[in-house]
Amino acid sequence: MDKDQRAARQSATLADKHLHAAWPALFLLTAAVFSLARVTDATAAGQEQVQIQETEVPPETTKATPTLLPTPSQTPDKYYADYFAHPWDIPEEAAQGNTLWIEVNLSAQTLSTYRGNQIVNTFLISSGTESFKTVTGTYRIYAKYSQYTMRGPDYDLPDVPYSMFFYKGYSIHGTYWHDNFGTPMSRGCVNMKTEDAAWVYENAPVGTYVFVHY
């Protein structure tokens, strides 16, 4: 073997020694790179999970606005309890003055008298039956008779006491042929006990308002 071949073999041997010496360091470096890559992947996955979790949080709901309750209406005057429940109207000259006026409530079968907004008296009546209903509306007494004979196709009633006509042949009057007040009995007139009709007759002049309603 010549001098050049020996030099080449010595160089190869020296390179093998350096390679074997560097192998552990290279292994550690490779392991470190893999570990760093795994940490980086885990961190990225964790951030992605956090982002996903954050997007899954529902937004805050808007609070419902409470519904305001209506303000209670003013309590009507007790003297006008029937008036507020019905469409008929009381002229100011009757309601605000001191003049007597009359309310006939066909549902309650009563006749009430007022002065202004103060009730004076209430009486039981008998109004018209289902076949002969008493008219409803706003009227005035236009004629008064202490006694009046009433005749029809199937009745003849002489000297009907304290008759007060308020619309055509309809009148408020005393009654001597029955005592069933509080129940419809008449052919359209407003029947009252004779003594009750006498009180109304004495206190209600011609022109007195009469309000008839259910």
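The values are calculated or read from the model by the stated rules, or taken from the named source; none is laboratory data. These figures come from a predicted structure and were not determined experimentally. Note that we place each Cβ from the backbone using ideal geometry, even for glycine, and neighbour counts take in every protein chain shown.
Conditions (1) touching a residue at least 12 places away in the same chain (Cβ under 8 Å); (2) over 14 Å from Val210 (Cα atoms); (3) in the same structural domain as Asn180 (by TED's automatic domain parsing), marked per residue:
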{"site": "Glu93", "(1), (2), (3)": "no, no, yes"}
{"site": "Leu106", "(1), (2), (3)": "yes, no, yes"}
{"site": "Thr129", "(1), (2), (3)": "yes, yes, yes"}
{"site": "Thr134", "(1), (2), (3)": "yes, no, yes"}
{"site": "Thr138", "(1), (2), (3)": "yes, no, yes"}
{"site": "Val160", "(1), (2), (3)": "yes, yes, yes"}
Notebook entry, point to check: Counting only residues that are in a loop (DSSP other than H, G, I, E, B) and surrounded by 14 or more Cβ atoms within 10 Å (Cβ to Cβ), which one in region 162-213 is nearest to the chain's Cα centre (by Cα)?
Noted result: Pro184
